[in-house]
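Below: one structure, written as structure tokens.
Bear in mind that the values in this text are calculations on the coordinates, not laboratory data. Computed from a predicted structure; not experimentally measured. FYI the Cβ positions are ideal-geometry reconstructions off the backbone, even for glycines, and counts take in every protein chain you see.
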């Protein structure tokens, strides 16, 4: 069940909510990148399911509330770690017909170098069968 900024986590469990309205301007690709996500004093290793140059979807059974600021550690195509900031924009609390539980994260404060690395990751995912 997807939960957006205006929706409550207390929504009836039998209601199916559609994914957030499609507002992406960047190409989204399937991936299996491991991502270390940190917030407050918590760190969790999760797997990215989708990636674009503007954000990603992390599979996790413990998604954060929309609006939560997170720090993400990914690895570039050469295996070197890099960090980006993000904000949780929506969550899916349980697996449903739309996918696994997790959270959609929008990248923020990207510089040109970050954008270049993310573009390389997207291109690499497109070449992966």
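Here are the numbers:
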{"item": "Positions within the range 112-129 being closer than 17 Å to residue 86 by Cα, surrounded by 15 or more Cβ atoms within 10 Å (Cβ to Cβ) and without any contact (Cβ under 8 Å) to a residue 60 or more places away in the chain, in sequence order", "result": "114, 117"}
{"item": "Selection within the range 79-111 - free of Cβ contacts under 8 Å to residues at least 12 places away in the same chain and either within 9 Å of the chain's Cα centre (by Cα) or more than 23 Å from residue 66 (Cα to Cα) (or both)", "result": "79, 80, 81, 111"}
